[in-house]
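In what follows, a single structure is set out as structure tokens and then discussed.
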Amino acid sequence: MGSAVDSTNIIRELTRYRDAGMGGVHIIPIYGAVGWEDKYIPYLSPKWMEMLDVTVTQARNLGLDVDMTTGTGWCFGGPRVTDDEANASLVCKIFNVTTGGKLEEKFNRTNTQALVAFGADGKHVDLTKKISPDGSVNWLPASGPWKVYAVSQKPSGQKVKRPALGGEGHMLNLFYGEAMKDYLKWFDDAFKNYQGPKPRAQYHDSYEYKSDWSPDFFAQFEKRRGYRLQDELPALVGDERSRRREEADSTNAAPVRLVTSSATDDRAARVKCDYRETASDLMAEVTLPMWAAWSKKNGFLTRNEAHGSPGNWLDLYAVADMPETEMFYKDRNKLISKFASSAAHVAGKQRVTCETGTWLNEHFTETLADMKYLQDDLFLSGVNHIFYHGTCYSPDEAGWPGWHFYASYEMNPRNSVWRDVPALNAYASRCQAVLQAGQPDNDILLYWPVHDFWHDASGSTRNLTVHARDWFEDQPIGHTAAKLWARGYSFDYVSDRQLAGAQFTKAGVKVAGGTYRTIVVPPCEHIPVETFRRLLALAKSGATVIFADKLPSDVPGLGKLEQRRTELRKLKSGLGAPMPAVTNADSCANYKLGRGWVSEGDVEVALTRAGVKREAMFDRPGLMCIRRAVEGGNFYFIANRGETTIDDWIPLARPATSVVIDDALAGKSGVGDLKGDATNAQVYLQLQPGQSVILRTFADRDIDGPWWSYWRTAQSDEITTAWRVEFISGGPVLPTEFQINKPDSWTSFPNEEAKNFAGTARYSTTFNAPEKTSPQWLLDLGKVCQSARVKLNGQDLGTLITPPFTVVVKNLKPKGNLLEVEVTNVSANRIRDLDRRGVKWKNYHDINFVNLNYRPFDASNWPLTDSGLLGPVTLTALVPRSPSLEAAR
């Protein structure tokens, strides 16, 4: 906040992060705290660079690393961005001129990018060079009427959001290479005399620019699309419903009737498709690669969030070393996050990052279980490098609750849940180590027919966000992806640009990042000739290419339209007649092409014919997995995201002769039970809802080691002895000790201090073992609010952060067993108390501090949040099992 940092607090905070199991930090300067203005450090000033040196140096001394945003707040922009370089809005003024009339308006020769007259007969005249020094236009039309389009641009008005001191100003224009070039000079100047260690990576946040134009857009368009966009202005801006514009009439103007038809709509859709593709290309080929190249030249890696942009996400994500996605509150579609992981997998990038925990829930109510489940969704979508959003630096002098950023999970040392964060981070680290190992192991390249989405006569640029997802969920790409996912087929999305470099080898379709078994094209109308040609070339070389439902019928865009349509028809006719159906039920038309096949029709039928196996575990509601290929086998990450317990044999699509099961949350592993031959192996899993495991399968060798423990439950007994409750850490003060007859929320205690408390209390009781003896027992704590460290007879049994709050215990003493459960709650009740007392802790510039609905945050009317051990606490006898022996019987 305000870059108001100092060496003492930086070192103190970094040490706390390291001790909690974090691997590094990411610097994002934002607006500051009120009353601390004299501590603010202007962005990129000598003092700011000095503190960067301190931060990176001390972080690396602690074994941490540091990334930084190339700017403050979000997105790129700041005080050096001029009006010409700012994210821009197209301005189009339209003037009507009658036969024999004159264009009376005067125009600025410098700012007017195009002045073109269009007649009712379809003819057009470029008047741009006819603008005189005084702004008049020397043009007298012989016939009419005419509509004259004057094109210029203006800053869209979108400024850097939540900037820090020294970072205020226009957002950058990502469609304009000169803007990026000048922007990066700002950082060249700052780092010119910098002698300290540099951060690991530069970061570009999600696309929240407001831009649909640039100073050289006309030239860039013609270069890429092969025709002049100036000549198609009625198609680009002619639909008055799609663009707010000014329309002015000359003195002797008469109304001109606009006539629309399906033909004109199609032309507009084609022009706008080309326009949208050009905007995408300018980001994918010019501005973002310029930033990535600058970063590489200066020793930085890059992280890029492409979502929110109007471009092809796959191409934009792939520009960076680490494509980065995010899930936002309830906007959690794993198939959306797969765009970032797909870009990484196809392009051969090892790490897929994620802005993790943005608005996960309301402030101070988020639990560690909430974060664990979010991480599981991200891991399943291919993410393997978590960044908590966010950890707000706060000096100790600021007191409790310290400084806070409004849109984040309070992942900081002042939040009461911090005490048990090391258990969550250990889990994340174990999962990430596995998911960064080896290579992605997906079978299908799923083509994204983005031109169908771009082929739309309405609007201008079309931003694709993680919030409004109709661009995906309502499109054939979304429908096809959802079906494949639900059936357990593994896939990565692929773009036209990425397919252009694909080759076929004996192993399959090879791209930069690996090899795939087949390519699936969702139902689509428009496909570039180059892409269709590449798909057929891959089939001729030996690949199987599957077109869902039918072959594409047309090409996108306007340039050389008939020529490209003729080429597409010729390529399609070259397929010849389909091969005779094998059975009457065969719902595919299969074309033999060279050494490979082209299939048209039912995707799953075609995949089965191509020998692509699915993970049948997806048939169990909520059971999901992702694979990584490693030497001699695979890693599986499997999560039960459903509501039903899994206690059964689970088939695996990859060969396995032995398997090791790892509980990454508990840190326990063992050799699991398998049945079936290596190519049809099934592993026995016992997973409660919300639980996850990692499998290490071995394709051709047996593994010796301790066996994984499988259990069958027997008799249960409730622990009914009295409990002692001691408050051991937290605040605002430590309540007095209580004695209770059974577990209960400490908010029910007759003490205001307990009701307002956030922190940790130790629940302890002494009990005798149940009369029925058992070598192992399942200790179930029942309801826990919200995490617990468990000790039995002085032995640490671990930290529990998710339901079910259970742990296996052994060697109970007949009498006098001491059970200690240290329970930590969320900070909700303490924050509630601050707001009820009117304490002024929300005191920041800019947006200050808002709730989930972007309204001023106020917890004063919150009900009390249950806190502590609520139970019931039970012991259940466990009987060891051997599923493979049971199956053999």
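Taking only the C-alpha atoms of the range 90-140, the Rg (one decimal) and the largest Cα-Cα distance, Dmax (whole number), read 10.9, 31 Å. Relative to the longest principal axis of the Cα atoms of the chain, helix 262-281 runs at roughly 60 degrees.
Separation of the alpha carbons by more than 24 angstrom is noted, of Lys39/Lys842; Lys39/Lys185; Lys272/Lys338; Lys772/Lys810, for Lys39/Lys185; Lys272/Lys338.
Over the Cα atoms of the range 560-601, each weighted equally, I'd like the Debye log10 I(q)/I(0) at q = 0.16, 0.24, 0.35 Å⁻¹, rounded to two decimals. Taken in order of the listed q values, log10 I(q)/I(0) reads -0.51, -0.82, -1.15.
What part of the accessible area of the chain, given as a whole %, is carbon or sulfur when the probe is 1.4 angstrom?
Whole-percent figure for carbon plus sulfur exposure: 49.
When shorter helices are ignored and each DSSP H run of at least 4 residues is given -39500 (n - 2.57), the per-residue value for the chain at 222 nm works out to -7000 deg cm²/dmol.
Against the empirical 2.2 N^0.38 Å (N residues), the range 496-585 has a Cα radius of gyration ratio of 1.16.
Across the range 132-147, coupling constants 3J(HN,Hα) worked out from phi with the 6.51/-1.76/1.60 Karplus curve, θ = phi - 60°, read 7, x, 8, x, 7, 10, 8, 8, 10, x, 7, 9, x, x, 10, 10 Hz, and Gly and Pro carry x.
Roughly how many Å² is the accessible area per residue of the range 71-171, as a whole number, for a 1.4 Å probe?
Accessible area per residue, the range 71-171: 44 Å².
How much of the DSSP beta bridge set in the range 466-585 is antiparallel, as a percent to the nearest 5? In the range 466-585, DSSP labels about 55 percent of beta bridges as antiparallel. Note on the range 767-819: Kirkwood radius taken over Cα pairs, Stokes-Einstein applied at 25 °C and 0.890 mPa s, translational D equal to 208 µm² s⁻¹. Note that the range 582-655 shows a convex hull volume over its alpha carbon atoms of 151 Å³ per residue. Structural size metrics of the range 123-228, computed from C-alpha coordinates, are Rg and Dmax of 20.8, 70 Å.
Scaling against 2.2 N^0.38 Å puts the C-alpha radius of gyration of the range 40-84 at 1.43.
For Glu410, nonlocal amide neighbours, meaning residues 5 or more places apart or on other chains whose placed amide H falls under 5 Å from its own, are Phe364. Remark: the Ala142-Glu753 segment gains 211.1 nm on full extension, using 0.36 nm per residue and subtracting the alpha carbon distance.
Length, then width, then depth: along the principal axes, the Cα atoms of the range 387-534 run 65, 44, 28 Å. Does anything in the range 38-65 have its amide N under 11 Å from the 7 Å Cα→Cβ label point of Glu397, and if so which residues? Residues passing the 11 Å test: 38-40. Computed from the alpha carbon positions, the gyration tensor of the range 545-698 leads to an equivalent ellipsoid with semi-axes of 43, 18, 15 Å, biggest first.
Every Cα-Cα pair in the range 278-423 was counted, and those over 24 Å apart are 40% of them. Dividing the mean sequence gap of close Cα pairs (under 8 Å, 6+ apart) by how many residues the chain holds gives a relative contact order of 10 percent. Backbone amide hydrogens, once placed in the peptide plane, bring Tyr710 within less than 5 Å of Arg881, excluding anything fewer than 5 places away on its chain.
In the complete set of protein chains, residue-level accessible area for Asp648 is approximately 60 Å², probe 1.4 angstrom.
In plain terms, the bigger the Kirkwood radius, the slower the diffusion; for the range 4-118, with that radius from Cα pairs, at 25 °C and 0.890 mPa s, Stokes-Einstein puts D at 130 µm²/s. Relative to its Kirkwood radius, the Cα radius of gyration of the range 455-501 gives an Rg/Rh of 1.03. Seen through its C-alpha gyration tensor, with square-root eigenvalues sorted a ≥ b ≥ c, the range 778-889 comes out prolate because a/c lies at 1.5 or above while a/b is bigger than b/c.
For the range 325-341, 3J(HN,Hα) computed residue by residue from phi via the Karplus equation (6.51, -1.76, 1.60; θ = phi - 60°) reads 10, 7, 10, 10, 6, 8, 7, 10, 9, 4, 6, 6, 5, 5, 5, 5, 5 Hz, glycine and proline entered as x. Pairwise Cα distances in the chain exceed 46 Å in 37 percent of cases. Report the Rg/Rh value for the range 179-226, based on alpha-carbon coordinates and the Kirkwood definition of Rh. Dividing the radius of gyration by the Kirkwood radius yields 1.14.
Kirkwood hydrodynamic radius computed over the range 805-865 comes to 15.5 Å, based on all pairs of distinct alpha carbons.
How many Å² of accessible area per residue for the range 705-797, probe 1.4 Å?
Per-residue value: 50 Å².
So what does log10 I(q)/I(0) come out to for the range 357-469 at q = 0.18, 0.19, 0.20, 0.21 Å⁻¹, using the Debye formula with one equal point on every Cα and no solvent? One equal scatterer on each Cα of the range 357-469 leads to -0.99, -1.04, -1.10, -1.16. Accessible surface calculations at 1.4 Å, restricted to protein heavy atoms, place the range 353-491 at 25 Å² per residue.
Semi-axis lengths, largest first, of the ellipsoid equivalent to the range 705-837 are 31, 16, 12 Å, with √(5λ) applied to each eigenvalue of the Cα gyration tensor.
Over all pairs of different C-alpha atoms, the range 1-57 has a mean inverse distance whose reciprocal, the Kirkwood radius, equals 12.1 Å. Each residue of the range 721-738 is assigned a 3J(HN,Hα), and the resulting list reads 6, 6, 10, 10, 10, 10, 8, 10, 7, x, x, x, 9, 7, x, 6, 5, 10 Hz, derived from the Karplus form 6.51 cos²θ - 1.76 cosθ + 1.60 (θ = phi - 60°), x at Gly and Pro. Of all DSSP bridge pairs formed entirely within the chain, close to 75 percent run antiparallel.
The angle separating the long axis of helix 177-191 from the principal Cα axis of greatest extent in the chain is about 50 degrees. Axis angle, to the nearest 10 degrees, between helix 368-380 and the longest C-alpha principal axis of the chain: 50 degrees.
The values are calculated or read from the model by the stated rules, or taken from the named source; none is laboratory data. What you see is a predicted model, and the numbers here were worked out from it, not measured in a lab. Glycine gets a Cβ as well: all are built from the backbone with ideal geometry, and neighbour counts include every protein chain shown. Note: accessible area is taken over every heavy atom of the protein model, side chains too, but ligands, DNA and RNA are not part of it. Shrake-Rupley method; radii C 1.70, N 1.55, O 1.52, S 1.80 Å.
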